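Heads up: the structure comes next, in structure tokens.
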Amino acid sequence: MTQMDDMINAIVERVAMELSKGASAPKESAQSPESPAPFDINRVAKKDLSGGNTAGTIRETAGDGDLVDITSPEEKHKPTLSHCEDPEGLERMMRSTPARIGVGNCGARLRTQTMLTLRADHAAARDAVFKDVDPSVLDRLGLFTIETKCSDKNQFLTRPDLGRQFDDSVISELKSKCVMNPDVQIYASDGLSSTAITANLENILPVIMDALKAKGLKVGTPFFVRNGRVAAMDQISEALGATVTCALIGERPGLATAESMSAYIAYKATVGMPEARRTVVSNIHSGGIPAVEAGAYIADVIEMMLEAKASGVDLKK
Amino acid sequence: MREESTILSVGIDIGTSTTQVIFSRLTFKNSAGYFAVPHIEIADKNVVYKSDIYMTPLKDRVMIDGEKVRAIVAGEFLKAGFAPGDTQTGAVIITGESARKENSEIVLKELSDFAGEFVVSTAGPDLESIIAGKGSGAAAYSKERQCTVVNLDIGGGTTNAVLFDCGEVIAKGCLDIGGRLIRVDQDMKVTYVSDSVRRIADHEGLDIRPGMEADYQTVESICRKMAELLGDWLEHKDSPLLDSIVTPGSSPFDFDKPIRAVCFSGGVADCLYVHKEGPWNPYGDIGVVLGDAIRQSRLWSEYRVVDAKETIRATVVGAGSYTTSVSGSTIAYDRDVFPLKNIPVLKLTVREQEHCFADDREWFREKLRWMLEQSDSEQLIVAMKGKQNPSYTELRRMAACLSGVLDETLPPGVPLIIVLEYDMAKALGQVMTRMLKGKRDVICVDSIQVDQNDFVDMGKPLVDGLVIPVVVKTLIFG
């Protein structure tokens, strides 16, 4: 029997059970903790998806504790390829890459679990783009929020130009709330992944700020830019008269991680300057360069820029 | 910004029978892309000079003649065109029966002006196995192919085995099987028979003693048995005979993984990969016959055989090219106080490091006092695994614990040195420096794995000061 058959049987069985329960039991008791939770495709127990001969039974008590997160690294590193020559070697290779290797196939198609994982990762990527940054993170860091000319996420995605610009009222608000002419202006922006900011900001922003202050530099007031593109930093730099501007921004999510953040840093950024004047520190997330370590590195890079009075390609020369 | 640095490394191997010198250039390069944090690695290990192979000068059966060793090394520096002081790193390895503390002291004294900056270590059978396995290329093969490879370094007196799994050592051991265990003079008279050969001969009902005529059939039978014993050893087929020829002081060669490939190095490997035409005893020993016997045995037919990059020079190349490693590329140090030499390690386990992450100073103070009492050294390295993605809060607690306790416990003026495995050294080092406000130097490096009882050398920073070369050594005095 194929795995798809297993799945379908399981779902049919479960739906039938739910229906019969709903008909016989009063509503309150159906929602009591003892009764099975409503069926949810994301809550299918692992063993039902991995094939095998246990004709697709769904766990009776599907609490979160019993279920595996199919998008977790541990689960993704379990081979689903059957009859593998060197299982240990395969697992090692799988641990070394986020690529979907060692997953096997079902005829000409992906296996059910591979398909579900792929869709779950895709959903995480979409969430990263469309969701907003967790406001409690911004509160804890004491950041105020300004917005670009984009009124919502749809406009943000379809009008990149507006994601680089601010209304005059926003600029005057910025000027009134921020220290002017700082040596270094740091701010955070959602960019294409709010998830990246929620995951990393608390472990990177204070590291950079503390390190720069210890170097005796005048560090500007940090804030958060909603619906911001990278080049929004140019208008901010001009408005605040910052010598170096550093934007911590969420990167376009892929299917490997939705938590990747980058720092774009420029010396005396101006609107319309060449992109080559930006220095980038990319791949900041738990599976790449850890946020605290990236912060320490960025602080050194900023110090280097102030000494060299240059950034981007000019700095590398 | 410089993206590349090269340093010259020297390897000197002083063994029971031979002494060799090699020079190699280690190239450190940034392999990360333009938009990423730098990642410096040793991109190239190029052996630029190989010496002749000398007979090790001895004063008596085991004591090295230091002056003559010095003359050999001085001569080779001259021939290679390098002056003492040109080399920035390297290792002198004393192996086999020469591996004793007295010899190590002699070598250290005689070679100090050449080897001011190198490691001198006497290799026990275990360390010798590992170094040979790296020099032969077996370790690299195992890493590239992600498989298990055993390297058999078959020398004059012993066979040093090391098993790599994905480039990591998982077992090592040593047997008294080698090419010079029976020696024969020009008149085909046996002049020497080792204890291990005597045991093998007794077991097989063969008779071979010094003074006898050397009989090819007998020698061949003994070599076939040696090859069979090596096979038994790899397959865990224990026997009283096999137990009796294990080299004293070596680890038991235990492992629970199937061996996928075999690589041969050492002098005998030269007669093993291809048959040497001519008389069977061109070197006055049984090396050629043993090589043939192994090629005809199941070691050759039942395993994938890897071509060794180095055979007789595997150990010296290992010493010269594979003892230096490189720190992570985001590290912290306040000033260039390098090189630092022979610093003992206090290693915290994953559970113990939690005390530091929790800023449990009382516990750490105790541990540190104990360590300082154990070692005579004033300096020490605090080493631990660290965390893959620590929070800033955890990091600050840990920095407070380390800098607070180390500062009050270590003698004045001594730098605080932290070695981590996970990439977090720059962040930790910066916080510690701020907390100490310049009272002491802080050195914090990562991507280096060390263990309790190891000693660490740290060289001058390379590639624009981004990384430091590190030598981790386990000193074993015989």
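The values are calculated or read from the model by the stated rules, or taken from the named source; none is laboratory data. This is a predicted model, so every value here is computed, not measured. We place every Cβ from the backbone using ideal geometry, glycine too, and count neighbours over all the protein chains shown. Note: areas computed on protein heavy atoms with side chains; ligands, DNA, RNA excluded. Shrake-Rupley method; radii C 1.70, N 1.55, O 1.52, S 1.80 Å.
Observations on the model:
- Distance between the range B:213-236 and the range A:90-165 - C-alpha centres, whole angstrom: 63
- Per-residue ellipticity at 222 nm from helix content only, as computed over chain B with -39500 (n - 2.57) for each DSSP H run of at least four residues, stands at -9500 deg cm²/dmol.
- Flagged links, alpha-carbon separation over 30 Å, of A:LYS175/B:LYS437; B:LYS29/B:LYS341; B:LYS309/B:LYS473; B:LYS50/B:LYS276; B:LYS29/B:LYS367: A:LYS175/B:LYS437; B:LYS29/B:LYS367
- For the range B:325-474, the average shadow cast by the Cα convex hull is 7.7 nm², which is a quarter of the hull's surface.
- Orientation-averaged projected area, Cα convex hull of the range B:226-334 (nm²): 10.9
- Rg over Rh, two decimals, the range B:304-397 (C-alpha only, Kirkwood Rh): 1.10
- For the range B:325-474: relative contact order, % (alpha-carbon pairs under 8 angstrom, 6 or more apart): 38
- Taking all Cα-Cα distances within chain B, those exceeding 34 Å account for 40%.
- Normalised contact order of the range A:140-259, rounded percent, pairs of Cα under 8 Å and 6 or more residues apart: 40
- Convex hull volume of the Cα atoms of the range B:127-318, normalised per residue: 103 Å³.
- Once the convex hull of all Cα atoms in the range B:1-75 is built, its volume per residue stands at 111 Å³.
- Within the accessible surface of the range B:289-354, defined with a 1.4 Å probe on protein heavy atoms only, the carbon and sulfur portion equals 46 percent.
- Taken as Cα centroids, the range B:54-78 and the range B:241-276 sit 28 Å apart, rounded to the nearest whole angstrom.
- In the range B:35-61, the residues that give up 10 Å² or more of accessible area when the other protein chains are added, compared with the chain on its own (1.4 Å probe), are B:PHE35, B:ALA36, B:VAL37, B:PRO38.
- Reduction of at least 20 Å² in accessible surface, 1.4 Å probe, comparing all protein chains with the chain by itself, residues of the range A:264-292: A:VAL280, A:SER282, A:SER286, A:ILE289, A:PRO290, A:VAL292
- Rh by Kirkwood over Cα pairs, then Stokes-Einstein D for the range A:264-305 at 1.002 mPa s and 20 °C, µm²/s: 188
- Placing a pseudo-label 7 Å from each Cα along the Cα-to-Cβ vector at B:GLU204 and A:GLU307 gives an inter-label distance of 6.8 nm.
- Computed over the range A:203-317, the range of Cα coordinates on each principal axis works out to 37, 32, 31 Å, biggest value leading.
- Each pair of Cα atoms in the range B:4-123 enters the Kirkwood radius, and Stokes-Einstein at 20 °C and 1.002 mPa s then converts it into a translational diffusion coefficient of 141 µm²/s.
- Three principal axis extents describe the C-alpha atoms of the protein assembly as shown; from largest down they are 104, 71, 51 Å.
- For chain B: relative contact order, % (alpha-carbon pairs under 8 angstrom, 6 or more apart): 16
- Ligands, DNA and RNA excluded, the heavy atoms of B:ILE94 present near 0 Å² of accessible surface to a 1.4 Å solvent probe.
- Angstrom value of the Kirkwood radius, inverse mean 1/r, which spans all Cα pairs in the range B:174-271: 14.7
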